[in-house]
Amino acid sequence: LLLSGAGLMIRSLWRLSERPLGFAPANLLTLETRLPAAPPYVRDLGIRQFPERGAAHGRGLAVTAAGLRFPEQAVERLRAVPGVEVATAASGMPMLRTFSSPFYTDAQRAPSEVNWDQMAWLNPVSPDYFAAFTTPLLQGRDFNDRDRPGSPWAAIVNRALAKKYWPASSNVIGRHLTVTLFTGPRPFQRTYEVVGVVGDVLAWPDTDSEMSIYTALAQDVPPENAASDVVWRIDYWFAVKVARSDAATIRAVVDTIHRLNPSAPVENVRFMDDVIDHAF
């Protein structure tokens with residue numbers, strides 16, 4: 001029994017390790033930072049009612065414009081660090097943090113309620129995210145400075161999602177999908193226009209879902225007039241492609257975040273090769 005169990009476990013691990021990652025982990029440094037839930041990044045809205053959370057009242061908090069600009073400012077400074085080739089920010093990273101959300105496409109009838117059987121990894125990312133991970137752009141474009149609050153909601157999907165839900169379309173640019181979001185006092189939906197298609201990425205070693213939806217991090221804002229007792233997006237992941245994986249480069253990257261915001265902790269500083277080994 002012991003030998004059989006060990007054999008099955010080794011075979012399972014071997015099969016997992018044979019799955020393509022969909023990205024290049026070499027010299028890719030990852031780190032996490034979290035903004036303080038205080039001014040100038042967060043605005044206190046006072047005592048509010050939150051019946052959706054089972055609370056009669058609570059303190060309402062909202063991210064300010066300064067908080068929303070923080071990842072963009074950090075990426076801009078990281079790109080200027082000697083030895084940094086590409087820098088990007090995101091709400092999640094493969095093998096580190098993944099969030100799944102229900103969705104439906106314009107090729108489907110809108111469901112009367114949330115369809116929990118149709119889920120995709122949802123990851124708001126900044127421009128150059130796919131360049132940092134060396135994930136190929138197959139159709140359309142990457143996110144850019146046009147993807148801001150007030151502009152049409154933009155999304156990039158992976159090849160598996162495009163092939164499954166738009167099988168008759170050789171080009172899915174301009175199609176639409178609707179995602180249910182749960183950050184905030186109540187679920188709400190957003191409809192995104194597909195602006196690009198990228199290669200498939202393994203988000204987690206043993207994940208069953210192959211679907212991925214990427215949205216623009218700069219557009220990742222709460223709905224108008226919505227406030228929550230949980231602050232919207234104050235933690236971010238950064239991926240930095242470096243020419244050399246030496247201690248001096250790592251220290252320069254961490255110091256850059258600290259200089260931008262000395263009160264923001266910089267945690268989980270690891271190269272993606274180590275992250276993958278830990279995940280498996």
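The values are calculated or read from the model by the stated rules, or taken from the named source; none is laboratory data. Since the model is a prediction, treat every value here as computed from it, not as a measurement. Counting neighbours? That spans all protein chains shown, and the Cβs are built from the backbone with ideal geometry, glycine included. Ligands, DNA and RNA are excluded from the accessible area calculation, which covers all protein heavy atoms including side chains. Shrake-Rupley method; radii C 1.70, N 1.55, O 1.52, S 1.80 Å.
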For this session: Would you check if there is a residue in the stretch 64-77 being modelled with pLDDT under 75 and open to solvent by less than 70 Å² (accessible area, probe 1.4 Å)?
Result: no
For this session: Please work out which residue is nearest to A216 (Cα to Cα), limiting yourself to the stretch 168-199 and to residues that are open to solvent by 40 Å² or more (accessible area, probe 1.4 Å) and at pLDDT 95 or above.
Result: E193
Exercise. In the stretch 6-36, how many residues are among the acidic types (D, E) and under 30 Å from L260 (Cα atoms)?
Worked result: 1
For this session: May I ask you to list pairs of residues, at least six apart or on different chains, whose Cβ atoms are under 7 Å apart, with the first in the stretch 104-115 being among the small types (G, A, S) and the second being in a loop (DSSP other than H, G, I, E, B)?
Result: A107/W166
For this session: Go through the stretch 265-280 residue by residue and tally those that are of a type outside the set (D, E) and part of a strand (DSSP E or B).
Result: 5
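Residue-by-condition table, conditions (1) over 26 Å from A65 (Cβ atoms); (2) touching a Ser or Thr at 6+ places or on another chain (Cβ under 8 Å):
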{"position": "Q139", "(1), (2)": "yes, no"}
{"position": "D142", "(1), (2)": "no, no"}
{"position": "A155", "(1), (2)": "no, yes"}
{"position": "R159", "(1), (2)": "yes, no"}
{"position": "S170", "(1), (2)": "yes, no"}
{"position": "P187", "(1), (2)": "no, yes"}
{"position": "V194", "(1), (2)": "yes, no"}
{"position": "M211", "(1), (2)": "yes, no"}
For this session: Return the residue satisfying two criteria in turn: it lies in the stretch 155-167 and is touching a residue at least 24 places away in the same chain (Cβ under 8 Å) and of a type outside the set (A, V, I, L, M, F, W, C), and of such residues it is surrounded by the fewest Cβ atoms within 10 Å (Cβ to Cβ).
Result: K164
For this session: Could you tell me whether the stretch 122-131 includes any residue that is over 25 Å from V254 (Cβ atoms) and surrounded by 15 or more Cβ atoms within 10 Å (Cβ to Cβ)?
Result: yes
Problem set entry | In the stretch 69-92, the residues that are within 15 Å of L29 (Cα to Cα), part of a loop (DSSP other than H, G, I, E, B) and of a type in the set (A, V, I, L, M, F, W, C) | V81
For this session: Those residues that are of a type in the set (D, E, K, R), touching a residue at least 60 places away in the same chain (Cβ under 8 Å) and in contact with an Asp or Glu (Cβ under 9 Å, 6 or more places away or on another chain), I need them from the stretch 120-154; list them, please.
Result: none
For this session: Take the residues in the stretch 93-125 that are within 9 Å of the chain's Cα centre (by Cα) and assigned to a loop (DSSP other than H, G, I, E, B), then tell me which one is modelled with the highest pLDDT.
Result: P94
